[in-house]
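The values are calculated or read from the model by the stated rules, or taken from the named source; none is laboratory data. None of the values given here were measured: they were computed from a predicted structure. Glycine also receives a Cβ, built like all others from the backbone with ideal geometry; neighbour counts cover every protein chain displayed.
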Amino acid sequence: MKAIVWTKYGPPEVLQLQEVATPAPNENEILIKVHAATVTAGDCEARDLSLAPMFRLPFRLYFGWRKPRRITILGQELAGEVAAIGRTAVGGAAVGTNATQFQVGDPVFATTGLRFGAYAEFACLSARSAMTPVWPKPANMSYEEAATIPTGGLNAIHFLRKAKVQSGERVLINGAGGSIGTYGVQIAKAWGAEVTAVEHTDKLDMLRSIGADHVIDYTQKDFTQIGERYDVVIDVVGKSPFGRTVRCLRANGRYILGNPTISGMFRAAWTNRTTDKRVIFEAASYQPEDVRALLGLIEAGQIKVVIDRRYPLADTAVAHRYVETGQKLGNVIISVR
Ligand SMILES: NC(=O)c1ccc[n+]([C@@H]2O[C@H](COP(=O)([O-])OP(=O)(O)OC[C@H]3O[C@@H](n4cnc5c(N)ncnc54)[C@H](OP(=O)(O)O)[C@@H]3O)[C@@H](O)[C@H]2O)c1
């Protein structure tokens, strides 16, 4: 099969199109014929190790010190169809099909988590693993749209549920124009919140078009300095000033650190002990109730996936280069088929 091989840590050019062996599913695994994958900020951070400093050492210890060895294909989310189950060959009859509730041919979407591997024509995943769950694709979404659900949709709903957003509350999302933020704006609106989106000038029209009640251009104004108060601040991008953000929360306000720093974690613990505010920095996981709630909104037509650009698999490095410019509106897709 064709795949984009991650040859070393570094710039987008380290991603190279190569012919590699098609993986064979073990028991409890399914083989997915990939139709679409995405390029997220997280993929770029993994590729060149521009991760938050506290993650760099464990990442290198796990993936390979000098170059990626354990994993050589990037890509953390995908959508496609089930090509084989358990130990069957591609297109063959199922043998020992204890892997999954899925049948060959079912349309699915999935997160590959720290196994990565979505930038390829086929990917194997354990359908029972909590780390790499596979879900049926919503009927009203294309493969390209469904591929954006794990990072954008499920992280957004995780953050909003952790913040216990209630109808009528004022919610501010910092970094609202990307994968997580564009879902976050729409989910918060669907839950009845009044939403303020903070973003770069170029993304404000798009954010209004998906329902943001207010937009703030971070290149012109600091949202903590304009005298507004919020029940919830979700800092997707990790660039809000900690102390000033806490001060712009209403009584019992909640502040979600989507991209926490070590100092942010210490300050969160102190704030939680000494004030009526809650600062939360829990890593996102894929809770069944979050998946159900999000799929319910999708099936009801309340979520519009924002897709900026599509690239063929061979141009994955070009897609990474574009995502790194920061200009991405919502999501960037790798169209594998
Ligand atoms: N905690 C978790 O469990 C978890 C899970 C998944 C991802 N993450 C992290 O979340 C982060 C964001 O994810 P994403 O996929 O949504 O990224 P994304 O698609 O790149 O979106 C981030 C957005 O923030 C904007 N931005 C940059 N600087 C800003 C600033 N100073 N103020 C306001 N907005 C700003 C960017 O636009 P411009 O560059 O044009 O300004 C971009 O539109 C990543 O770093 C990722 O590692 C955390």
Notebook entry, point to check: Between a first residue in the stretch 202-216 that is assigned to a strand (DSSP E or B) and a second residue that is within 13 Å of the ligand (Cβ to nearest atom), which pairs have beta carbons less than 7 Å apart while being 6 or more apart in sequence or on different chains?
Noted result: His214/Thr196; Val215/Ala197; Val215/Glu199; Val215/Leu204; Val215/Leu207; Ile216/Thr196; Ile216/Val198; Ile216/Phe223
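Based on this model, can you work out whether Phe59 counts as under 22 Å from the mean Cα position of the chain (by Cα), more than 25 Å from Val318 (Cβ to Cβ) and free of Cβ contacts under 8 Å to residues at least 60 places away in the same chain?
Working: under 22 Å from the mean Cα position of the chain (by Cα): yes; more than 25 Å from Val318 (Cβ to Cβ): no; free of Cβ contacts under 8 Å to residues at least 60 places away in the same chain: yes.
Spelling it out, it is not the case that Phe59 is under 22 Å from the mean Cα position of the chain (by Cα), more than 25 Å from Val318 (Cβ to Cβ) and free of Cβ contacts under 8 Å to residues at least 60 places away in the same chain.
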Note to self: Based on this model, can you work out whether Ile298 counts as farther than 24 Å from Phe55 by Cα, in a strand (DSSP E or B) and among the hydrophobic types (A, V, I, L, M, F, W, C)?
What the structure shows: no
Notebook entry, point to check: Among the residues of the stretch 119-155, which ones are among the charged types (D, E, K, R) and at pLDDT 95 or above?
Noted result: Glu121, Lys137, Glu144, Glu145
Next item on the list: Any residue in the stretch 316-337 that's farther than 12 Å from Ala37 by Cα and assigned by TED's automatic domain parsing to the domain that holds Thr38: show its pairings with residues that are part of a strand (DSSP E or B) and within 12 Å of the ligand (Cβ to nearest atom) at Cβ separation under 6 Å, as long as the two are six or more apart or on different chains.
Entry: His320/Val39; Val323/Val39; Val323/Val332; Lys328/Asp308; Leu329/Asp308; Gly330/Asp308
Check: Can you find even one residue in the stretch 240-253 that is surrounded by 15 or more Cβ atoms within 10 Å (Cβ to Cβ) and of a type in the set (Ser, Thr, Tyr)?
Finding: yes
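In the stretch 36-57, which residue that is of a type in the set (D, E, K, R) and either surrounded by fewer than 15 Cβ atoms within 10 Å (Cβ to Cβ) or in a loop (DSSP other than H, G, I, E, B) (or both) is modelled with the highest pLDDT? Working first, answer last.
Restricting attention to the stretch 36-57, the residues satisfying the condition of being of a type in the set (D, E, K, R) are 43, 45, 47-48, 56.
Applying the additional criterion that residues be either surrounded by fewer than 15 Cβ atoms within 10 Å (Cβ to Cβ) or in a loop (DSSP other than H, G, I, E, B) (or both) yields 48, 56.
On the way: Asp48: 97, Arg56: 90.
So the residue we want is Asp48.
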Next item on the list: Identify the residue in the stretch 18-35 that is charged (D, E, K, R) and touching a residue at least 60 places away in the same chain (Cβ under 8 Å) and, among all such residues, is surrounded by the fewest Cβ atoms within 10 Å (Cβ to Cβ).
Entry: Glu27
Check: Can Arg273 be described as of a type outside the set (A, V, I, L, M, F, W, C) and in a helix (DSSP H, G or I)?
Finding: yes
Note to self: Would you confirm whether or not the stretch 103-118 contains a residue that is touching a Cys at 6+ places or on another chain (Cβ under 9 Å) and modelled with pLDDT under 95?
What the structure shows: yes
Next item on the list: Please determine, by comparing only the residues of the stretch 194-216 that are crowded, with 24+ Cβ neighbours inside 10 Å and of a type in the set (Gly, Ala, Ser), which one is farthest from the ligand (Cβ to nearest atom).
Entry: Ala212
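Right, Thr261: buried (at least 18 other Cβ atoms within 10 Å of the Cβ), within 13 Å of the ligand (Cβ to nearest atom) and polar (S, T, N, Q) or not? Don't jump to the end; show me each part of the working.
Values: buried (at least 18 other Cβ atoms within 10 Å of the Cβ): no; within 13 Å of the ligand (Cβ to nearest atom): yes; polar (S, T, N, Q): yes.
Spelling it out, it is not the case that Thr261 is buried (at least 18 other Cβ atoms within 10 Å of the Cβ), within 13 Å of the ligand (Cβ to nearest atom) and polar (S, T, N, Q).
Looking only at residues that are within 13 Å of the ligand (Cβ to nearest atom) and without any contact (Cβ under 8 Å) to a residue 40 or more places away in the chain in the stretch 217-237, which one is surrounded by the fewest Cβ atoms within 10 Å (Cβ to Cβ)? Don't jump to the end; show me each part of the working.
In the first step, residues of the stretch 217-237 are kept if they are within 13 Å of the ligand (Cβ to nearest atom); the result is 217-224, 233-237.
Then drop every residue that is not without any contact (Cβ under 8 Å) to a residue 40 or more places away in the chain, which leaves 217, 219-222, 224.
On the way: Asp217: 14, Thr219: 9, Gln220: 7, Lys221: 11, Asp222: 13, Thr224: 20.
Ranking the qualifying residues of the stretch 217-237, first place goes to Gln220.
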Margin query: Checking Glu27 against (1) assigned to a strand (DSSP E or B); (2) more than 16 Å from the ligand (Cβ to nearest atom), only one condition comes out false. Which one?
Written below: (1)
